[in-house]
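Throughout, read-outs are computed from the coordinates displayed, never taken from laboratory work. Being a predicted model, the structure only gives us computed values, none of them experimental. Note that we place each Cβ from the backbone using ideal geometry, even for glycine, and neighbour counts take in every protein chain shown.
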Amino acid sequence: MKNREYYAAIAKNLKLHTDPFINGAFVKGGGEPFKTINPATGETIAVLSSNTVEEVYEAERIARAAFEDRRWAGKSPAERKEILIRLGELMMEHRDELAVMETLDSGKPIYDNYNGDVPESADTFRYHAEAIDKLQDAITQGDGEHLSLVVREPLGVVAAIVPWNFPMQMAAWKLAPILAAGNSVIIKPASLTPLSLLKIAELSKEAGIPDGVLNVVLGSGSVVGNALAEHPKIEALTFTGSTEVGKRLLVQSGQTNAKRIFLEMGGKNPCIVMPDVKDFDHAAAEAVNAVFWNMGENCTSNSRLLVHRDIKEEFVKLVVEKTEALRTGDPLDPGNNLGALVEVPHMEKVLGYIETAKREGGKLLTGGGRILTETGGNFIAPTVFDNITPDMTIARDEIFGPVLGIMEFGTEEEAIRIANDTVYGLQASLFTDDLSTAHRVSRMLQAGTISVNCYAEGDIGTPFGGFKQSGFMSRDNSVWANQQYTELKTIWIKL
Ligand code: NAP
């Protein structure tokens, strides 16, 4: 990677799109303009135009026309594959620019955007592109008098609504399988972080995705997101965001056209450390990364650390040491591990949780407040509380900030009970040196992804999604995501 000055120079000369992308062109929206603000400085980056409800409806008509004349779905799998692979390549050619854009817009560290978000998003397009001509339909046994085919068809027009914490990656996780399956798409970024998706829209045209197939609408969830949710024709809505909004989308689907709803929602993920662990240094480093990566603005943030009481004192000491070694500051500096929280109201919400934890009896070990106020940015010191019990607020609510609550347990059964005592079920980490414990406890934990002796979400080849209120009928990544954006059709032919 290059140094801060290099990325700061790119930041000064960025060319930003500020209008929705509809029918292959950036067209000013007629809704309320809105600003996007740099969370690390408080400065306005750009003023963007937003769409009206009528413009969202027009986007649907455009996407439907593109679907019905089969300008995309009708291409051979090999042609669609080439175009989506090209999109991934173009993203890598614009790697610096995309990484800087994402850093300015979201406050996420450039190190993560450059090494993770951009290449992994590009890889998401490549993976789903490569899958297109490898997936197979089926012929069933039939009855001897009929030929019975089971084939997959694209859904039609799919809407996608994505959050601000991994703006580019969440958009790629939706767009790549939707497009690979032959659908048209209308996607809405979070108003706090729209910039990288608009750049991807530009690159999608250069890659050869036909006009009208990929459309980006801009505006608030309450206006533009709501219009997508209540639309009477859109065949499916895929969403990543809060559980509160996700559950509302289910109701709206039932009240309108029963559109397919795929939800990826919140998490309150546990990290369990068993007493047999020998490599404390590794486990503590992973536990610290698991909670503080992306400033804890991460659906799989391991914000509950459950440590066996026999090893707790020594282990917690290491966790605090490693937390204090993290560098928080200017997200354009590749040396910083943590950047700024996305906006002032969210930072205040996280600070509120810290105060609640103190009031409810949590023992503050490190951090505990806002830092670097002179920058004008939304920085919070990574914060660790001990003496947390499962009934306390910070053990129950998704904080979505750099705050860790440590709890202790005495038996395996108790660890499992505490870990599962949440409405969420997205991810869990487990540290043990015993193979049987690893298998047994992994099967008992209620979560979509279990990582053993590491903190991880799997990779593009593994399905990602949640149990309980962390998800609904949805998996991102892998060939399962690809199939999610298709309907099964039976064709029964008399011989
Ligand atoms: P959010 O408030 O639910 O917003 C997510 C998206 O929904 C944004 O684009 C937002 O638009 C839109 N929206 C808000 N209200 C809406 C409505 N009434 N109708 C339709 N759309 C609406 O969530 P967030 O605060 O951006 O993201 C944080 C949440 O996402 C956390 O709970 C986190 O755990 C979850 N998340 C889950 C995963 C996963 O894979 N499970 C991954 C990442 C994040 P505006 O913001 O423009 O208003």
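Between the stretch 202-246 and the stretch 411-486, how far is it from one alpha carbon centroid to the other, in angstrom?
28 Å
Could you work out the per residue convex hull volume over the alpha carbons of the stretch 275-366, in cubic angstrom?
Values: hull volume 10.3 nm³, N = 92.
Considering the Cα atoms of the stretch 275-366, their hull volume per residue is 112 Å³.
For the stretch 140-193, what Kirkwood radius comes out of the mean inverse Cα-Cα distance, in Å? Before the final figure, lay out each step's value.
Values: mean 1/r = 0.0745 Å⁻¹.
Here the Kirkwood hydrodynamic radius works out to 13.4 Å.
Run lengths n ≥ 4 of DSSP H only: what is the helix-derived mean residue ellipticity at 222 nm for the chain, with -39500 (n - 2.57) per run over all residues, to the nearest 500? Show your work: numbers first, answer last.
Working: 16 runs with 185 residues, N = 495.
Computed mean residue ellipticity for the chain: -11500 deg cm²/dmol.
Which of rounded, prolate, oblate describes the stretch 114-222, given a ≥ b ≥ c as roots of the alpha-carbon gyration tensor eigenvalues and a/c under 1.5 marking rounded, otherwise prolate only if a/b is larger than b/c? Mind dumping the intermediate values first?
Details: a/c = 2.59, a/b = 2.07, b/c = 1.25.
Judged from the Cα gyration tensor, the stretch 114-222 comes out prolate (a/c at least 1.5, a/b above b/c).
Per 10 Å bin, what percent of the C-alpha pairs of the stretch 232-326 does each bin hold, from zero upward?
Percent of Cα pairs in each bin: 15, 33, 19, 16, 12, 4.
What is the pair-distance distribution P(r) of the stretch 398-461, computed from all Cα-Cα distances in 5 Å bins starting at 0, with each bin given as a whole percent?
Binned Cα distances yield the sequence 3, 15, 24, 30, 18, 8, 2, 0.
Say each of Met92 and Arg443 gets a label point 7 Å from the Cα, pointing the same way as Cα to Cβ; how far apart are those two points in nm?
About 4.1 nm, to one decimal.
Under a straight-distance cross-link criterion of Cα-Cα below 20 Å, which aspartates and glutamates are reachable from Lys317, leaving out those fewer than 8 residues away in the same chain?
Qualifying aspartates and glutamates at Cα under 20 Å: Asp276, Asp279, Asp281, Glu286, Asp386, Glu408.
Find out how many positive minus negative residues lie around Lys494, taking Lys and Arg as positive, Asp and Glu as negative, among other residues whose Cβ is under 15 Å from that of Lys494.
Values: positive: none; negative: Asp143, Glu145.
Neighbour charge sum, excluding Lys494 itself: -2.
Amide H of Glu487: which non-local residues (sequence gap of 5 or more, or other chain) have their own amide H closer than 5 Å, using H built in the peptide plane?
Counting only residues 5 or more places away or on other chains, the set is Glu153, Leu155.
In cubic angstrom, how much convex hull volume per residue do the alpha carbon atoms of the stretch 250-302 span?
On the way: hull volume 5.6 nm³, N = 53.
Cα convex hull per residue, to the nearest whole number: 106 Å³.
Exactly which trypsin sites (Lys or Arg not before Pro) in the stretch 118-217 are in a DSSP loop and have at most 14 other Cβ atoms within 10 Å?
Working: sites: Arg126, Lys134, Arg152, Lys174, Lys199, Lys205; in loops: Lys134.
Answer by residue number: Lys134.
I need the calculated FRET efficiency for the pair Trp480 and Val47, taking r as the beta carbon distance and R₀ as 30 Å, to the nearest 0.05. Please list the in-between numbers first.
Details: r = 40 Å, r/R0 = 1.32.
The pair Trp480/Val47 has a calculated efficiency of 0.15.
Ala46's amide H: which non-local residues (gap 5+, or another chain) put their own amide H closer than 5 Å, with H modeled 1.01 Å from N in plane and none for Pro or chain starts?
Hits under the 5 Å cutoff: Thr36.
Students often get this wrong: which residues of the stretch 126-140 have the backbone nitrogen under 20 Å from the point 7 angstrom along Cα-to-C-beta of Leu149?
In the stretch 126-140, the label zone of Leu149 (backbone N under 20 Å from the point 7 Å along Cα→Cβ) covers 132-140.
What's the local net charge at His231, with K and R +1, D and E -1, over the other residues with C-beta under 9 Å away? Write out the running numbers ahead of the final one.
Details: positive: Lys233, Lys259; negative: Glu60, Glu230.
Once all neighbours under 9 Å are counted, the net charge is 0.
Just the C-alpha atoms of the chain: what Rg/Rh do they give, with Rh taken as the Kirkwood radius? Provide the component values of the computation, followed by the final result.
Numbers: Rg = 23.1 Å, Rh = 23.4 Å.
Expressed as Rg/Rh, it is 0.99.
Project the alpha carbons of the stretch 31-136 onto their principal axes and report the range along each, largest first, in whole Å.
So the three principal-axis extents are 50, 39, 20 Å.
Expressed in nm to one decimal, what extension gain is obtained for the pair Gln255 and Tyr57 from 0.36 nm per residue of sequence separation less their Cα-Cα distance?
Working: separation 198, 0.36 × 198 = 71.28 nm, distance 1.78 nm.
Contour length minus Cα-Cα distance gives 69.5 nm.
What length, rounded to one decimal in nm, is gained on full extension from Glu355 through to Glu314, with 0.36 nm per residue of separation minus their alpha-carbon distance? Walk me through the numbers on the way to the answer.
Working: separation 41, 0.36 × 41 = 14.76 nm, distance 2.64 nm.
Once the chain is fully extended between Glu355 and Glu314, it gains 12.1 nm.
What does the charge count near Glu55 come to, summing +1 for each Lys or Arg and -1 for each Asp or Glu among other residues with Cβ under 13 Å from its Cβ?
Working: positive: Lys28, Arg61, Lys188; negative: Asp19, Glu32, Glu54, Glu58, Glu60.
Summing Lys and Arg as +1 and Asp and Glu as -1 gives -2.
Could you list Asp476, Asp112, Asp333 in order of exposure, starting from the residue whose Cβ has the fewest other Cβ atoms within 10 Å? Before the final figure, lay out each step's value.
Working: Asp476 25, Asp112 22, Asp333 19.
Fewest-to-most ranking of Asp476, Asp112, Asp333: Asp333, Asp112, Asp476.
For Glu202, put the label point 7 Å out on the Cα→Cβ axis and report which residues of the stretch 22-38 keep their amide N under 18 Å from it.
Residues 22-29, 36-37 fall inside that zone.
Using a cut-off of 23 Å between alpha-carbon atoms, which lysines can reach Lys349, once sequence neighbours fewer than 8 places away in the same chain are excluded?
Correct list for Lys349: Lys35, Lys108, Lys247, Lys268, Lys358, Lys363.
Using a 7 Å offset from the Cα along the Cα-to-Cβ direction at both Asp133 and Val452, what is the distance between the two label points in nm, to one decimal?
About 3.9 nm, to one decimal.
What are the ³J(HN,Hα) values, in whole Hz, obtained from phi via the Karplus relation 6.51 cos²θ - 1.76 cosθ + 1.60 with θ = phi - 60°, for each residue of the stretch 263-276 in sequence order, with x given for Gly and Pro?
Those phi angles translate into 10, 10, 10, x, x, 9, 8, x, 10, 10, 10, 7, x, 7 Hz.
Lys134: which lysines have alpha carbons under 20 Å from its alpha carbon, excluding same-chain residues fewer than 8 sequence positions away?
Lys75, Lys81, Lys174, Lys489
FRET efficiency for Leu364 and Ala285, Cβ-Cβ distance as r, R0 = 35 Å, nearest 0.05? Mind dumping the intermediate values first?
Values: r = 22 Å, r/R0 = 0.62.
It comes to 0.95.
Could you give the length gained on full extension between Lys35 and Glu68, defined as 0.36 nm per residue of separation minus the Cα-Cα distance, in nm? The partial results should precede the final answer.
Numbers: separation 33, 0.36 × 33 = 11.88 nm, distance 3.56 nm.
My answer for the length gained is 8.3 nm.
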